[in-house]
Amino acid sequence: MTFFSIGKPALWHPEILKEAAAAGHTIGSHTWSHANLGKLKGDKATEEIEKGFSAVALALGAPPAPFFRFPFLSDPKEALAYLGTRNVAIFSHDLDSFDFKIRKAEDVIKSVMGKLDKKGKGIILMHDFQQATAKALPDLLEQLKAKGYKVVHTKAKTPATTLARWDEAVKGEVKGAAVGPDRPTSSVVRTLDEVAPAAMAKPGTPQAGATK
């Protein structure tokens, strides 16, 4: 899977992001604070993009993939052009699970499989901070396999390159306090442990491509 991590929460619990990366998942960025880039201009939009990548890199202890997803799918031309200059790939989705509105694991599966049966294949958008989604993933993967779908793992040839200016800006904001293992994470980590390794994936928005 590919996780598009928001910078701020990545720094709150970096061990979770590291666990996802260690399991083999791809980690990209989803801005610094999940701001709507369609409402930002110039330096403000650039700051959201760059601080997002710098924060994810700081949390991981290594550069993330040069993969980016726009919050709210709001992709203004100026931001698209900027990401092009940074050699960053932009991801959207084909199927929205709407898992943020769903409270039961079985309903998450029903939402995904129903839309996938109609579409046939595509990138599935899900959110890993939803409890129902975490519980649904093992069964969802089994159903995908049973129906002949293949989960495609997208990898980058080279990692993202962060900029020193924004690396320092992120370090200055967190002041070292948020980056560490001393924050309570037991409930979240336990959820990750319960999910099959192939199902684990962010802090941010995970996406998986399913095809036959």
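The values are calculated or read from the model by the stated rules, or taken from the named source; none is laboratory data. The structure presented is a predicted model; accordingly, all values stated were derived computationally and were not measured. Ideal geometry is used to build each Cβ from the backbone, glycine not excepted, and the neighbour counts take in all protein chains shown. Heavy atoms of the whole protein, side chains included, go into the accessibility calculation; ligands, DNA and RNA do not. Shrake-Rupley method; radii C 1.70, N 1.55, O 1.52, S 1.80 Å.
Calculated accessible area for region 76-161 comes out at 62 Å² per residue, all protein chains present (probe 1.4 Å; ligands, DNA, RNA ignored). Straight-line cross-link partners of Lys110 among the aspartates and glutamates, defined as a Cα under 15 Å from its Cα and at least 8 positions apart when in the same chain: Asp96, Asp99, Asp139, Glu142. A Cβ-based charge dipole, computed about the Cα centre of region 1-123 with Lys and Arg at +1 and Asp and Glu at -1, lands at about 280 debye.
For region 94-159, what class follows from the C-alpha gyration tensor (a ≥ b ≥ c being the square roots of its eigenvalues): rounded when a/c is under 1.5, otherwise prolate if a/b is larger than b/c, else oblate? Oblate, since a/c reaches 1.5 and b/c is not below a/b.
Fully extending the segment from Glu15 to His127, taken as 0.36 nm per residue of separation minus the present Cα-Cα distance, adds 38.5 nm. Applying a threshold of 32 Å to the alpha-carbon distances of Lys44/Lys101; Lys51/Lys155; Lys41/Lys150; Lys44/Lys157; Lys41/Lys157 flags Lys41/Lys150 as lying beyond it. Placing +1 on the Cβ of every Lys and Arg and -1 on the Cβ of every Asp and Glu, with no other charges, gives region 53-159 a dipole of roughly 260 debye about its Cα centre.
Does region 1-41 come out rounded, prolate or oblate by the C-alpha gyration tensor, with a ≥ b ≥ c the root eigenvalues, rounded set by a/c under 1.5 and, if not, prolate when a/b is larger than b/c and oblate if not? Taking the square roots of the gyration eigenvalues as a ≥ b ≥ c, region 1-41 is oblate. Packing, taken as the mean count of other beta carbons within 10 Å per residue, orders the peptides 45-57, 124-136, 94-106, 61-73 from highest to lowest as 45-57, 124-136, 61-73, 94-106. Note that region 110-126 has calculated 3J(HN,Hα) couplings of 4, 4, 5, 5, x, 6, 5, 4, 7, 7, x, 5, x, 7, 9, 9, 9 Hz, one per residue in order, obtained from phi through the Karplus relation 6.51 cos²θ - 1.76 cosθ + 1.60 (θ = phi - 60°); glycine and proline are x. Each Lys and Arg contributes +1 and each Asp and Glu -1, all at the Cβ; summed about the Cα centre of region 1-56, the dipole is approximately 180 debye. Using the Cβ-Cβ distance between Lys119 and Lys39 with R0 set to 41 Å, the FRET efficiency from 1/(1 + (r/R0)^6) comes to roughly 0.85.
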